[in-house]
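Student: Take a look at this one; I'll ask things after.
The values are calculated or read from the model by the stated rules, or taken from the named source; none is laboratory data. Here the structure is a predicted model, which is why all the values come from computation and not from measurement. In this analysis, Cβ positions are derived from the backbone assuming ideal geometry, glycine residues included, and neighbour counts consider all displayed protein chains. SASA here: full protein model, heavy atoms, side chains in, ligands and nucleic acids out. Shrake-Rupley method; radii C 1.70, N 1.55, O 1.52, S 1.80 Å.
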Amino acid sequence: METNRWPAARRAVHGAARAVGWIGVALALALGACGGSDDGTARLSAEAALGEKMFHDVSLSASGRQSCASCHDARFGHGSPNGLAAQLGGPGLTLQGARVAPSIRYLATAPAFHFDAEGTPTGGLFWDGRAASLADQAKGPLLNPVEMANASAAEVVAKLARADYAAEFQRLYGLDILQTPDEAFERIAQALARYQKEDPAFQPFSSKYDAVLRRQASLTPQEERGLALFKDEKKGNCAACHPADKAADGSHPLFTDFTYDNLGVPRNPELGHNAHPAFFDLGLCARQGGDLAARTELCGAFKVPSLRNVALRQALFHNGHFKNLTDALRFYVQRDTHPEKWYPRRADGSIAVFNDLPPALHGNVNTAEVPYDRKPGDEPALTEAEIQDVIAFLKTLTDGWKR
């Protein structure tokens, strides 16, 4: 399979992605509607309420100062709360992670990783899709030595046994549950997943664009121009990977088709592992478990994230190289027309394009789709004014909009 097959395949998966999205939306609406309190606030199930406590509990980390919410802050769309390329963790909160902490909002709709009928890698959680479900995803940071840094599942359970909600945990899962650490750890992950599925805050669909789709608001002229450029296959072409239209069933778009792409993002010197010239973060083909190690055409590919709440992010792409939307969009449209802006020069004066990949893998980079189908000297697909129009539209995807 060649990497340049993926763009055509993406268009085929949009319908399926929207269908999966609608299941998640329906689940969220149903869960939010049932059991509502008198003041209209949705109540969580006992398991989800327990998961909420764990999500914010710093005592479950080796440092005693880090929780799930530390890296997935609700104020930032459940994404990174700062512009660091990777958050700090470990027993003393001094160890750097490997990648940007992604937003976990709207993840309840993500399918497990698979190859679709056309061979396109699709779905999964984390930047490399290695987790098949929210529960699987929840386990990772608890045991990652550069995140919450527990040495084992038993260590996590021992910490939980000292928490003020330990009796609640036992009432829900059995009085002897803490004596079986492996099972208890599974229940911890289960509760964290249930919280993310039930709490409407993780799938609010409360942006201005959602209001526009409900015919409760209108885009400004600049936002309208930005949306048109976002969809235009000869201009931004963003909707090729980030569908922007409602599905036939009326569900609102998630702004991701759940696939993977290799964009040749510049190497980020802020990441400690990049100090080693021979190190490269190869993404999909190098993920934990090694199940895709032989698929060298997947090296350098990372998950296409949702663009919902993207205007709140202070570090963009998997390696956090870009810190604002203007630079990120300039890179998209000028990567090939003005490579000298984004990549360093070698000693001989040549430009080291795609410098975060070994030269043998440069052919994996997406150079087929607009706006990447250019060469030096060509006009970029978007002008500076058009970039600002697209950004104006992207800002309408931020949740919590009020008239």
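Student: Bin by bin, in steps of 10 Å, what percent of the Cα pairs in segment 142-194 do you find, going until the bin that has the longest distance?
Tutor: Per 10 Å bin, starting at 0, the Cα pair percentages come out as 26, 58, 15, 1.
Student: At a Cα cut-off below 14 Å, give the aspartates and glutamates reachable from residue 139, other chains included and same-chain residues fewer than 8 away excluded.
Tutor: Here the aspartates and glutamates satisfying the reach criterion relative to residue 139 are 147, 155, 182, 183, 186.
Student: Rounded if a/c is under 1.5, else prolate if a/b is larger than b/c, else oblate: which is segment 167-290, with a ≥ b ≥ c the root eigenvalues of its Cα gyration tensor?
Tutor: Oblate, since a/c reaches 1.5 and b/c is not below a/b.
Student: Now for a separate question. Taking H as built 1.01 Å from N, whose amide H comes closer than 5 Å to the amide H of residue 119, not counting residues under 5 places away?
Tutor: Under 5 Å from the amide H of residue 119 lies no amide H from a residue far enough along the sequence or on another chain.
Student: If you don't mind, there's one more thing I want to ask. For segment 261-338, what class follows from the C-alpha gyration tensor (a ≥ b ≥ c being the square roots of its eigenvalues): rounded when a/c is under 1.5, otherwise prolate if a/b is larger than b/c, else oblate?
Tutor: prolate
Student: Charges at C-beta only: +1 for Lys and Arg, -1 for Asp and Glu. How large is the resulting dipole of the chain about its Cα centre, in Debye rounded to 20?
Tutor: 560 debye
Student: As a test question: what accessible area, to the nearest 10 Å², does residue 109 have when a 1.4 Å probe is rolled over all protein chains in place?
Tutor: For residue 109, the solvent-accessible surface is approximately 10 Å².
Student: Which one of 226, 189, 158 has its Cα pushed farthest toward the positive end of the charge dipole of segment 149-292, where Lys and Arg give +1 and Asp and Glu give -1 at the Cβ?
Tutor: Checked the options; the winner is 226.
Student: Treat each spin label as a single point 7 Å out from the Cα along the C-beta direction, and report the residue 82 to residue 115 distance in nm.
Tutor: Here the modelled spin labels are 4.1 nm apart.
Student: Sticking with this one: May I ask for the angle, rounded to the nearest 10°, between helix 325-334 and the longest principal axis of the chain, with both axes built from Cα atoms and the value confined to 0 to 90°?
Tutor: It is inclined by approximately 40 degrees.
Student: If r is the Cβ-Cβ distance from residue 314 to residue 228 and R0 is 25 Å, what FRET efficiency results, to the nearest 0.05?
Tutor: Plugging the Cβ-Cβ distance into 1/(1 + (r/R0)^6) gives 0.35.
Student: Sticking with this one: Quote the charge dipole size of segment 123-263 about the Cα centre in Debye, to the nearest 20; the model charges only the Cβ of Lys and Arg (+1) and of Asp and Glu (-1).
Tutor: So the dipole magnitude of segment 123-263 works out to roughly 420 debye.
Student: Moving on to the next point. Please report the accessible area of residue 152 (heavy atoms, 1.4 Å probe, ligands and nucleic acids excluded) in Å², nearest 10.
Tutor: 50 Å²
Student: Cross-link candidates for residue 402: which aspartates and glutamates have Cα within less than 13 Å, leaving aside residues fewer than 8 places away along the same chain?
Tutor: List returned: 210.
Student: Next question. How about residue 246: which lysines have a C-alpha closer than 17 Å to its C-alpha, ignoring those fewer than 8 places off in the same chain?
Tutor: Here the lysines satisfying the reach criterion relative to residue 246 are 208, 231.
Student: Given the protein chains as shown and a 1.4 Å probe, how many square angstrom of residue 127 are accessible, to the nearest 10?
Tutor: So the heavy atoms of residue 127 present about 30 Å² to solvent.
Student: Roughly how tilted is helix 6-33, in degrees to the nearest 10 and between 0 and 90, from the longest Cα axis of the chain?
Tutor: With rounding to tens, the tilt is 30 degrees.
Student: Give me the percent of Cα-Cα pairs in the chain that sit more than 35 Å apart, rounded to a whole number.
Tutor: Roughly 28 percent, rounded to a whole number.
Student: Compute the normalised compactness of segment 29-182: alpha-carbon radius of gyration over 2.2 N^0.38 Å, N being the residue count.
Tutor: Computed over Cα atoms of segment 29-182, the ratio equals 1.14.
Student: To the nearest 0.05, what FRET efficiency results for residue 220 and residue 379 with a Förster distance of 30 Å applied to their C-beta separation?
Tutor: 0.65
Student: Where a ≥ b ≥ c are the square roots of the eigenvalues of the C-alpha gyration tensor, would you call segment 114-228 rounded, which needs a/c under 1.5, or, failing that, prolate if a/b is larger than b/c, or oblate?
Tutor: prolate
Student: If you don't mind, there's one more thing I want to ask. Once you put a point 7 Å from the Cα of residue 348 and another 7 Å from the Cα of residue 180, both along the Cβ direction, what distance in nm separates them?
Tutor: 6.5 nm
Student: Give me the net charge of residue 216's neighbourhood, meaning all other residues with Cβ under 11 Å from the Cβ of residue 216; Lys, Arg count +1, Asp, Glu -1.
Tutor: For residues surrounding residue 216, the net value is +3.
Student: Sticking with this structure for a sec: Among the trypsin sites (Lys or Arg not before Pro) in segment 139-173, which ones are in a DSSP loop with at most 10 other Cβ atoms within 10 Å of the Cβ? Mind listing them?
Tutor: 162
Student: Sticking with this structure for a sec: What stretch of the chain, leaving out the sites themselves, is the longest with no GluC sites (Glu not before Pro) in a DSSP loop having at most 13 other Cβ atoms within 10 Å?
Tutor: 3-232
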